[in-house]
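See below for the structure under consideration.
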Amino acid sequence: MKHVKAIIVILFLLLVVILAVQNYEALSTPISFKVNLLFLNSQSSGLPVFLIAVITFLVGVICTWLYGISERLDFRRQVKALMKDVKGKEEELNSLRNFPVTTEDMSSDHPPVNK
């Protein structure tokens, strides 16, 4: 399965390279962004389309990575809480296993029966 995944990744990267070479002129066209807000008026210098695509991709990867880390920390917190609960239940079970067994009625409603 590892080899199949590696072949798929290599083919995908090859496809990306072929598309980038064939569309080099369109991808190298500069684009500038304008921001016109009440407190901020700015315009960026011309950035090529491929650079914008790479930056956008990297921002997406970083956001996904941060979200994954936060989920992993939440799961670890849940696992710790559940393990603490399991430990408490195991201690309760062990104390009940070691509880002395008697033939007397343990309820407080009835007096002990003498034979």
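For first residues located in the stretch 40-55 and more than 11 Å from Thr29 (Cβ to Cβ), partners that are surrounded by 11 or more Cβ atoms within 10 Å (Cβ to Cβ) and lie 6+ apart or on another chain with Cβ distances below 6 Å form the pairs Ser44/Phe33. In this structure, does Leu96 turn out to be within 25 Å of the chain's Cα centre (by Cα), assigned to a helix (DSSP H, G or I) and either surrounded by fewer than 10 Cβ atoms within 10 Å (Cβ to Cβ) or not charged (D, E, K, R) (or both)? Against the criterion (within 25 Å of the chain's Cα centre (by Cα), assigned to a helix (DSSP H, G or I) and either surrounded by fewer than 10 Cβ atoms within 10 Å (Cβ to Cβ) or not charged (D, E, K, R) (or both)), Leu96 does not qualify. Do we find that Lys34 is touching a strand residue (DSSP E or B) at 6+ places or on another chain (Cβ under 8 Å) and free of Cβ contacts under 8 Å to residues at least 60 places away in the same chain in this structure? Spelling it out, Lys34 is indeed touching a strand residue (DSSP E or B) at 6+ places or on another chain (Cβ under 8 Å) and free of Cβ contacts under 8 Å to residues at least 60 places away in the same chain.
Read-outs: derived from the displayed coordinates by stated rules, not from any lab. A quick note: this is a predicted structure, and the numbers were derived from the prediction, not measured. Backbone-built Cβ (ideal geometry, glycine too); neighbour counts: all protein chains shown.
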